[in-house]
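Asks: Have a look at the structure that comes next, please.
All of the numbers you see were taken from the coordinates with simple rules; none came from a lab. Since the model is a prediction, treat every value here as computed from it, not as a measurement. Quick reminder, even Gly has a Cβ in these numbers, built from the backbone with ideal geometry, and neighbours come from all protein chains shown.
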Amino acid sequence: QQQVKQSPQSLIVQKGGISIINCAYENTAFDYFPWYQQFPGKGPALLIAIRPDVSEKKEGRFTISFNKSAKQFSLHIMDSQPGDSATYFCAAGYGGADGLTFGKGTHLIIQP
Amino acid sequence: DTGVSQDPRHKITKRGQNVTFRCDPISEHNRLYWYRQTLGQGPEFLTYFQNEAQLEKSRLLSDRFSAERPKGSFSTLEIQRTEQGDSAMYLCASSLGDRVAFFGQGTRLTVV
């Protein structure tokens with residue numbers, strides 16, 4: 001049973017545009033929602049994370065929007081750059097206890 | 001380098017052989033996690049330790065998989081009698097309590 005559904009599977013955005021990746025979860029016990037960025041051959045690196053007591057969190061060009069009632073959260077990358085080209089994973093967890101449940105990933109390509 | 005360190009980075013083994021991977025977490029981190037990542041998928045949680053105690057191991061993929069963290073510092077993941085389906089990237093992550101988990105670069109296993 002896939003507990004975190006991520007879309008789209010792949011995404012092409014022009015340089016300077018906004019990249020939007022969406023995730024939906026099923027388990028209402030989740031209380032920690034991070035986004036990770038992964039380059040080929042590397043481990044995932046944390047980009048930004050949110051807890052369900054806030055609806056939005058912004059760090060630089062990256063913003064998480066969180067909708068608790070819909071059990072959905074999304075990543076927005078503003079002013080997307082070619083260096084942002086990577087695979088992005090959403091995840092959900094229980095505040096660090098136990099492991100994270102990851103989505104299947106979104107392969108993002110930023111065209112110059 | 002004070003990040004999570006994994007060794008080896010790559011391992012090629014013949015089917016039926018045993019393999020062992022090592023993970024050195026960030027020094028002050030008390031939690032250590034193991035994940036498996038197959039091509040085109042997100043990381044899949046396997047097990048985790050708090051200090052030397054293994055608090056979750058029900059998601060280890062089979063009884064051929066085992067993990068240890070004998071002194072609460074480094075950890076090893078062993079796969080006995082490897083099968084071709086074990087070919088994947090094995091990722092280690094560590095955290096200080098329920099704070100952010102940092103991933104290592106992973107060990108890529110190829111079973112031939």
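Asks: Pick out the one residue from A:I109, A:I50, A:I21 that is crowded, with 16+ Cβ neighbours inside 10 Å, of a type in the set (V, I, T) and in contact (Cβ under 8 Å) with a residue 24 or more places away in the chain. If you could, list the steps in order and put the result at the bottom.
Replies: On the way: A:I109 fails: crowded, with 16+ Cβ neighbours inside 10 Å; A:I50 fails: in contact (Cβ under 8 Å) with a residue 24 or more places away in the chain.
Exactly one of A:I109, A:I50, A:I21 is crowded, with 16+ Cβ neighbours inside 10 Å, of a type in the set (V, I, T) and in contact (Cβ under 8 Å) with a residue 24 or more places away in the chain, namely A:I21.
Asks: Filter the range B:1-43 for residues that are part of a loop (DSSP other than H, G, I, E, B) and in contact with a Cys (Cβ under 8 Å, 6 or more places away or on another chain); which is surrounded by the fewest Cβ atoms within 10 Å (Cβ to Cβ)? Give the steps one after another, and end with the answer.
Replies: Going through the range B:1-43, the residues part of a loop (DSSP other than H, G, I, E, B) turn out to be B:1-4, B:8-9, B:14-18, B:25-30, B:38-43.
This time we only want the ones that are in contact with a Cys (Cβ under 8 Å, 6 or more places away or on another chain), so: B:4, B:25.
Values: B:V4: 24, B:P25: 26.
The selected residue is B:V4.
Asks: Let me ask something additional. For the range B:81-112, which residues satisfy the criterion of being surrounded by 19 or more Cβ atoms within 10 Å (Cβ to Cβ) and among the acidic types (D, E)?
Replies: Result: B:D86, single match.
Asks: Suppose we filter the range B:39-92 for residues that are among the β-branched types (V, I, T), touching a residue at least 60 places away in the same chain (Cβ under 8 Å) and touching a Phe, Trp or Tyr at 6+ places or on another chain (Cβ under 7 Å); how many remain?
Replies: Step one: of the range B:39-92, the residues among the β-branched types (V, I, T) are B:47, B:76, B:79, B:82.
Keeping just the survivors that are touching a residue at least 60 places away in the same chain (Cβ under 8 Å) gives B:79, B:82.
Those still in the list that are touching a Phe, Trp or Tyr at 6+ places or on another chain (Cβ under 7 Å) too: B:79.
Of the residues in that region, 1 qualify.
Asks: Within the range A:49-84, which residues are among the polar types (S, T, N, Q) and more than 14 Å from the chain's Cα centre (by Cα)? Walk me through it before giving the result.
Replies: Just the residues of the range A:49-84 that are among the polar types (S, T, N, Q), to begin with: A:55, A:63, A:65, A:67, A:69, A:72, A:74, A:80-81.
Listed by number, the residues that qualify are A:S55, A:S69, A:S80, A:Q81.
Asks: Only one of (1) surrounded by fewer than 18 Cβ atoms within 10 Å (Cβ to Cβ); (2) within 13 Å of another protein chain (Cβ to nearest Cβ); (3) part of a loop (DSSP other than H, G, I, E, B) fails for A:G43. Which number is that?
Replies: Condition (1) is where A:G43 drops out.
Asks: Somewhere in the range B:51-72, is a residue surrounded by 14 or more Cβ atoms within 10 Å (Cβ to Cβ), among the small types (G, A, S), more than 14 Å from every other protein chain (Cβ to nearest Cβ) and outside any loop (DSSP other than H, G, I, E, B)?
Replies: Yes, the range B:51-72 contains a residue that is surrounded by 14 or more Cβ atoms within 10 Å (Cβ to Cβ), among the small types (G, A, S), more than 14 Å from every other protein chain (Cβ to nearest Cβ) and outside any loop (DSSP other than H, G, I, E, B).
Asks: Something else about it: For residues that are under 15 Å from A:I110 (Cβ atoms) and assigned to a strand (DSSP E or B), tally how many sit in the range A:1-37.
Replies: Step one: list which residues in the range A:1-37 are under 15 Å from A:I110 (Cβ atoms), which gives A:8, A:10-21, A:37.
Keeping just the survivors that are assigned to a strand (DSSP E or B) gives A:10-14, A:19-21, A:37.
Result for the range A:1-37: 9.
Asks: Then there is this: Going by what's in this entry, would B:L46 be described as surrounded by 14 or more Cβ atoms within 10 Å (Cβ to Cβ) and facing another protein chain (nearest Cβ under 8 Å)?
Replies: So B:L46 passes the test.
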